[in-house]
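Written out below as structure tokens is the structure these notes cover.
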Amino acid sequence: MRFGIVVFPGSNCDHDCYWGLKHDLAYEVNFLWHRQKDLVGSDCIILPGGFAHGDYLRAGAIARFSPIMEEVVKHAHNGKPVIGICNGFQVLTEIGLLPGALLKNNTLSFIHKPVTLRIEHRDSLFTRSYKTNAVIELPIAHGQGRYYASDEVIAELQSENRILFRYSSPKGELSSAWNPNGSLLDIAGICNAAGNIMGMMPHPERRMNQQLGGVDGRAIFQGVAQAFA
């Protein structure tokens, strides 16, 4: 399994992804500069967190026009996996690979802290290695992470089981008290209708090593790799 990590000017979680995938999970990994058009045989593309192009205009708005994104779109349309983390999730919504938008946090401030997430189901490429309703802990670090979509899109996400992660209490309870940014329905991560594209605001790459806070993020990447083994 070979992962390709797209690097934009302003990406700052690319090395976190690389280290965890290569050294903690022993997968093949390549960095992919945003101006290149070769995915170097990557099986799964990761759009990492950070502030691509300084998040000028709005988060992800400029990154969507990077030359490599044409190849990422082709990769996705061919049914191959794409993971967008934080800023990467924002890029995926900007380019239309995922529905909805990420708005400014309802606190209007940047939030950086660990949060707990409930796994909604395991019938997806990205959650297949978790147990349904399991609760995991991952960190967030964003100022524009409030998921929003039209009523029609929200209804589709619910009816098609495309909501993968929700902000919750450590016991899996849903309430505004555990929603850090005001996302609709406590949404922290979703996938597309075909199930091969996933976007999430929390950072699984920062929970790949027990000495660095835990390993709750590993199963996302392991599930993808096992599906392609």
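The values are calculated or read from the model by the stated rules, or taken from the named source; none is laboratory data. As the structure is a prediction and not an experimental result, all values here were calculated from the model. Backbone-built Cβ (ideal geometry, glycine too); neighbour counts: all protein chains shown.
Tabulated data for the structure shown
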item: Among residues of region 175-190, those that are within 23 Å of residue 90 (Cβ to Cβ) and either under 12 Å from the mean Cα position of the chain (by Cα) or not polar (S, T, N, Q) (or both), counted; result: 10
item: Residues being in a helix (DSSP H, G or I) and within 11 Å of residue 3 (Cα to Cα) - total across region 14-38; result: 4
item: Candidates 41, 79, 88, 54, filtered to the one that is surrounded by fewer than 23 Cβ atoms within 10 Å (Cβ to Cβ) and either modelled with pLDDT under 95 or assigned to a helix (DSSP H, G or I) (or both); result: 54
item: Hey, residue 113 within 23 Å of residue 219 (Cα to Cα), among the charged types (D, E, K, R) and assigned to a loop (DSSP other than H, G, I, E, B) or not; result: no
item: Per-region count, region 2-34, residues surrounded by fewer than 17 Cβ atoms within 10 Å (Cβ to Cβ) and among the acidic types (Asp, Glu); result: 1
item: Subset of region 66-83 [touching a residue at least 40 places away in the same chain (Cβ under 8 Å) and over 16 Å from residue 31 (Cα atoms)]; result: 76, 79, 80, 81
item: Verdict on residue 98 being surrounded by fewer than 17 Cβ atoms within 10 Å (Cβ to Cβ) and aliphatic (A, V, I, L, M); result: no
item: Among the residues listed as 108, 125, the single one being on the phi > 0 side of the Ramachandran plot, in a loop (DSSP other than H, G, I, E, B), modelled with pLDDT of 95 or more and not basic (Lys, Arg); result: 108
item: Filter result (within 12 Å of residue 20 (Cα to Cα), more than 11 Å from the chain's Cα centre (by Cα) and not polar (S, T, N, Q)) within region 191-213; result: 206, 207, 208, 212
